[in-house]
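Notes for the one structure printed next.
Bear in mind that the values in this text are calculations on the coordinates, not laboratory data. Since the structure is predicted, the reported quantities are computational estimates derived from the model, not experimental observations. Here the Cβ positions follow ideal geometry from the backbone for every residue, glycine too, while neighbour counts run over all protein chains shown.
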Amino acid sequence: MQDKIQEEVKKKSRNGRIPCPVARKIAQELSVSYKEVGMAADALKIKITDCELGCF
């Protein structure tokens, strides 16, 4: 599952960044926690931006 999460994060990131609402949507679509998406982004060195809820 981690590979699928990383694949989605990579696909939806731009210039090494992904907006928080997009990261949250990935988590919801894949039925995983926000933390798992955050760890995938960290592993890919992708920064989560525009965080609205302090999840990441």
* Structure fact -> Considering segment 1-16, residues that are aliphatic (A, V, I, L, M) and in a helix (DSSP H, G or I), and then whichever is nearest to the chain's Cα centre (by Cα), we arrive at 9
* To do: Look through segment 1-16, keep the residues that are out of contact with any helix residue (DSSP H, G or I) (no Cβ under 8 Å at 6 or more places or on another chain) and of a type in the set (Asp, Glu), and return whichever of them is surrounded by the most Cβ atoms within 10 Å (Cβ to Cβ).
  => 7
* **Cβ pairs under 6 Å, 6+ apart, first in segment 11-40 and on the phi > 0 side of the Ramachandran plot, second in a loop (DSSP other than H, G, I, E, B) and not polar (S, T, N, Q)** => 16/46
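Each row is one residue, and each column tells you yes or no for (1) surrounded by fewer than 13 Cβ atoms within 10 Å (Cβ to Cβ); (2) in a helix (DSSP H, G or I).
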position	(1), (2)
18	no, no
26	no, yes
29	yes, yes
32	no, no
38	no, yes
41	no, yes
45	yes, no
48	no, no
53	yes, no
